[in-house]
Amino acid sequence: MNTHRLLVTSVLLLTLACNVIAQPNPRFQIADSVIAAAFPEQRLSPWTAAEGDLNGDGIPDMAIVLTGWIGGQDPRGERLVVLIGNRDKSYTVLSMSDEFCNAREFYNLSIEKRSLVVEAFWRVSDRISSSTLHFRYNHQLMDLELIGAENLSEENVKVSSYKISTNYLNGKVIHTRRDGKKYKEAQAWIDRKPLSRLQGVACESYWSSEQPSININERFVVERR
C-alpha cells in the first residue's frame, strides 16, 4: 500500500469512526420492521450498510452491520444481515451471521456483481489492520458463501505492511511483505473444503481453522512450516 492510500485510510479512520451513519437513510426505515422481527428481544441498530443486486433479479438488496445489545451480559454484539429486496419495496431476510468481526474502528460494505465485500478496520497506535471478506451469492443454497479473504497489517511511520490473501475457490494463499522499497511475495496452498456460509456463522470461525504454512519474516526470508 502506498503512502497516499495510508494517508487516506488514516483520515477515514478518524472521520468515519465518529460519523458512521450520521445522516439518516430512508431505506433503513423500510428495513426497520424486518430487522425488528428478526431480533425481537435484542436492541440493535444499523452501523453501516450497502445496497446492490445480490441475486440478479434487478431489485436492490441490502447488507447491514447491526450493533447493540444481543443478550446475556455482553453489552455489545454485532450481526451482519443480508436482506433481499422485493418488488413491493419490502425486504425479506436472506441470511444473518452469528457474532461478527467486532471492528474497532469501522466497516466498509459494497455490493457489486452479485458479490458482497466486507472490510473491517482496527487501529492500535500507528498500526492499522484490516480484514476483507468476499462473499458470493449461491442461488441453490439461497445464502452467501465466503470465496475470498484478505488480512492486512500496515504501519504508517515505516510504510511497512504484511498481507495474506486467500482464494477459497482454488485454495491459493499469497503472502506479501513490504517495507519501503523492499517487497517479497510467497505462495502456499490450503486444502479445498466446502465454502463457509454466512448464515449462523461467527466471524472468528472463518480464520480459526486456518494455520498459515508459510511466513515472510522481517528479514524477508520465507519460512515454511
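Tell me, which residue of the stretch 84-141 that is among the acidic types (Asp, Glu) and either modelled with pLDDT under 95 or in contact with a Gly (Cβ under 9 Å, 6 or more places away or on another chain) (or both) is surrounded by the most Cβ atoms within 10 Å (Cβ to Cβ)? Within the stretch 84-141, the match that is surrounded by the most Cβ atoms within 10 Å (Cβ to Cβ) is 105. In the set (1) within 20 Å of the chain's Cα centre (by Cα); (2) more than 20 Å from residue 224 (Cβ to Cβ); (3) buried (at least 17 other Cβ atoms within 10 Å of the Cβ), the condition left unmet by residue 160 is number (1). Within the stretch 45-53, is even one residue at pLDDT 80 or above, over 21 Å from the mean Cα position of the chain (by Cα) and surrounded by fewer than 17 Cβ atoms within 10 Å (Cβ to Cβ)? Taking every residue of the stretch 45-53 in turn, none turns out to be at pLDDT 80 or above, over 21 Å from the mean Cα position of the chain (by Cα) and surrounded by fewer than 17 Cβ atoms within 10 Å (Cβ to Cβ). When 197, 178, 225, 219 are screened for being of a type in the set (D, E, K, R) and within 29 Å of residue 144 (Cβ to Cβ), only 197 passes.
Taken over the stretch 107-131, the criterion of being in contact with a strand residue (DSSP E or B) (Cβ under 9 Å, 6 or more places away or on another chain), over 30 Å from residue 58 (Cβ atoms) and among the hydrophobic types (A, V, I, L, M, F, W, C) is satisfied by 121, 122, 128. For the stretch 182-193, enumerate the residues that are at pLDDT 90 or above and either charged (D, E, K, R) or closer than 27 Å to residue 145 by Cα (or both). 182, 184, 185, 186, 187, 188, 189 - these are the residues of the stretch 182-193 that are at pLDDT 90 or above and either charged (D, E, K, R) or closer than 27 Å to residue 145 by Cα (or both). Taking every residue in the stretch 179-200 that is touching a residue at least 40 places away in the same chain (Cβ under 8 Å) and under 30 Å from residue 80 (Cα atoms) and pairing it with any residue that is among the charged types (D, E, K, R) and in a strand (DSSP E or B), at least 6 positions away or on another chain, the pairs with Cβ-Cβ distances below 9 Å are 195/136; 195/145; 196/145; 197/143; 197/145; 198/143; 198/145; 199/143.
Checking each residue in the stretch 117-164 for being within 19 Å of residue 180 (Cβ to Cβ), of a type outside the set (A, V, I, L, M, F, W, C), in a loop (DSSP other than H, G, I, E, B) and touching a residue at least 24 places away in the same chain (Cβ under 8 Å) picks out 126, 156. Exactly one residue out of 173, 201 is buried (at least 16 other Cβ atoms within 10 Å of the Cβ) and part of a loop (DSSP other than H, G, I, E, B): that is 201. Looking only at the stretch 68-116, which residues are among the hydrophobic types (A, V, I, L, M, F, W, C), farther than 14 Å from residue 144 by Cα and in contact (Cβ under 8 Å) with a residue 40 or more places away in the chain? Answer for the stretch 68-116, where residues must be among the hydrophobic types (A, V, I, L, M, F, W, C), farther than 14 Å from residue 144 by Cα and in contact (Cβ under 8 Å) with a residue 40 or more places away in the chain: 100, 101, 106, 109.
The values are calculated or read from the model by the stated rules, or taken from the named source; none is laboratory data. The structure presented is a predicted model; accordingly, all values stated were derived computationally and were not measured. Methodologically, a virtual Cβ is constructed for each residue, glycine included, from the backbone with ideal geometry; neighbour enumeration extends over all protein chains shown.
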